[in-house]
Amino acid sequence: MTSTVSRPAAGAQKQPLPLDVEAIRADFPILSRTVRDGRRLVYLDSGATSQKPRSVLDAERDFYENHNAAPHRGAHQLAEEATGLYEAARATIAGFIGAAVEEVVFTRNTTDAVNTVAYALSNAATAKEPSFRRYAVGQGDEIVVTEMEHHANLVPWQQLCERTGATLRWLGLTDDGRLDLSDLSTVVNERTKLVAVTQQSNILGTINPLEPIVARAREVGALVLVDGAQSVPHQPVDVTALGADFLVFSGHKMLGPTGVGVLWGRYEVLDALPPFLTGGSMIEVVRMEGSTFMPPPQRFEAGVPMTAQVVGLGAAVEYLQALGMANVQAHEEALTAYALEQLQAIPGVTVIGPPDTVARGGAVSFTVEGIHPHDVGQVLDDLGIAVRVGHHCAWPVVRRYGVPATTRATFYVHTGYDDVDALVEGVRAAQRFFGVTPEEATA
Amino acid sequence: MQLQSMYQEIILDHYRNPHGRGLRDPYEAEVHHVNPTCGDEVTLRVHLDGDTIADVSYEGMGCSISQASVSAMYDLVVGRPVTDALATGEHFMTLMQSKGDPAVAEELEDELEDAVAFAGVSKYPARIKCALMSWMALKDASARALAAAPTGGQA
């Protein structure tokens, strides 16, 4: 045996899945195509971007075919309909996360949402209006992130610190893939202006305990931004229960179109922030000498928005609501338990991240001894299995665990045990192909 | 399986038993190149004797394609004038852009020796940069070494 932490396979535990995989697959046109010489598409890369059900595609098409106009402009019938659909989608999405409608800002994606907040905090320092200066970040202030963050929730904060002279600090990781909160009370202190933390790691799968972090931030008067890119698509998330100030997520990772994401902010906080992007739609009065801005959410939605995509995201949310987010979470947890058990039973395979399903979502990263993740991914691709390989836009995480990269499988509503079985067999095939099969399969 | 078209036995041989691996002295230039999409890295040194590449030494980590490519490149360029080595690099670039066209591989076979085995990689756009990383590093290091050399012109 190798030195991996693999545990014996306890007879292939397959809990009944809460979701009807075959019925769901029929809703996703792309899943009926084949790849690489006629193989069934085994799509295990939803963590990068999810596939789209027909209802989302239909909603976008219907918008363009029947209602297309710029919302919040013009008095004609199409403009009214477009505005109605755009705002109805906002209401649907707000309801999905337990938010008030005016607290939901549409952005391009999670990255855009994080930057909107980061630039608002530096713009606050130079804002003409005193009301916009409340959350200004400057010299002597501190921003706290974690070593687990996706680059999208790390680089904008590094840049904010470079612009303002603030200091970036971070919470580290434990060897088993969890946040190390032992120094929480010193890292988050009276100088901290904002704590940015992911709710679920895109690479380790870890679901973070946000309560102590939010509580500590409250003690010192810091804002909290939660990266929900990998949590909102996969588990019930309610902003009231979260207790944070911001929640950011992307539509394309939750069955919706690309080009639309969400910045949720507590209204009181949003209302005290200056805009990031400025231009049309977000203004109140414009004179040559200067301009005033709309209240949230319009203040943060400059330009004609991605209307069809917002409508598509609304349809995606309705699709997820019909399945039930608790069911989605339970479904992925069952698949994750099975995948962890099966993968860790393969000699030479090491899971990077929590080895069991305790506080863990459906992103399973692993290494295969003697084979670079790119090469693992190539063999899997040849078998029709789509996974992500590389550093997953979380370079500090792979560095922390001493590996150059990993292979990552991520699960979603259309994933079944057959997909996991294909993955496991594919990993064994890679070991055979590269001649690094430890014991057993050499027989 | 189409895998064999990319993972030619020659490539796997270079991967398992790389030629010229390790960082050596002396050298006139050292560069570090990374592939930001996947994290592959190579540190590469060039030692010149006049206008001739006397040694290329390297350390790196990455996939089989990137590691085999630097090994095959070592065989092709050591002992040759810099201009010839870089011309070979251009031919390798042509091969990588060939989208698997066998005519291109055939034409370049004599010039590229073992490196022609990478023809199959040109069918996989995501992997081409893996094969090219070491050649980009060589081009960079050679230019720096020439600039640094006493006979190499104005430093």
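The values are calculated or read from the model by the stated rules, or taken from the named source; none is laboratory data. Since the model is a prediction, treat every value here as computed from it, not as a measurement. Cβ placement follows ideal geometry from the backbone for every residue including glycine, while neighbour counts extend to all protein chains displayed.
Conditions (1) among the hydroxyl-bearing types (S, T, Y); (2) more than 22 Å from A:R400 (Cα to Cα); (3) not assigned by the TED database to the domain that holds A:V328, marked per residue:
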position: A:R134; (1), (2), (3): no, yes, yes
position: A:T146; (1), (2), (3): yes, no, yes
position: A:R163; (1), (2), (3): no, yes, yes
position: A:T174; (1), (2), (3): yes, no, yes
position: A:L181; (1), (2), (3): no, no, yes
position: A:T186; (1), (2), (3): yes, no, yes
position: A:T206; (1), (2), (3): yes, no, yes
position: A:A217; (1), (2), (3): no, yes, yes
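Among what's in segment A:402-443 and is part of a loop (DSSP other than H, G, I, E, B), free of Cβ contacts under 8 Å to residues at least 60 places away in the same chain and in contact with a strand residue (DSSP E or B) (Cβ under 7 Å, 6 or more places away or on another chain), pick the residue that is farthest from the other protein chains (Cβ to nearest Cβ).
Applying the filter and picking the extreme gives A:V403.
Would you mention how many residues in segment A:35-63 are of a type in the set (F, W, Y) and farther than 19 Å from A:A88 by Cβ?
Result for segment A:35-63: 1.
Is it true that A:V226 is modelled with pLDDT of 95 or more, crowded, with 22+ Cβ neighbours inside 10 Å and over 23 Å from the mean Cα position of the chain (by Cα)?
Judged against the criteria, A:V226 is not a match.
For the condition of a type in the set (K, R), farther than 20 Å from A:V239 by Cβ and within 19 Å of the chain's Cα centre (by Cα), what is the one hit in A:R108, A:R61?
One residue alone meets the criteria, A:R108.
Being buried (at least 23 other Cβ atoms within 10 Å of the Cβ), more than 10 Å from every other protein chain (Cβ to nearest Cβ) and of a type outside the set (A, V, I, L, M) is the filter here; which residues of segment A:368-395 pass it?
A:R388
Quick grid of which residues meet (1) closer than 20 Å to B:S122 by Cα; (2) crowded, with 19+ Cβ neighbours inside 10 Å; (3) more than 11 Å from every other protein chain (Cβ to nearest Cβ):
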site: B:I11; (1), (2), (3): yes, yes, no
site: B:L23; (1), (2), (3): no, no, yes
site: B:P26; (1), (2), (3): no, no, yes
site: B:T37; (1), (2), (3): yes, no, no
site: B:L48; (1), (2), (3): no, yes, yes
site: B:S64; (1), (2), (3): yes, yes, no
site: B:P81; (1), (2), (3): no, no, yes
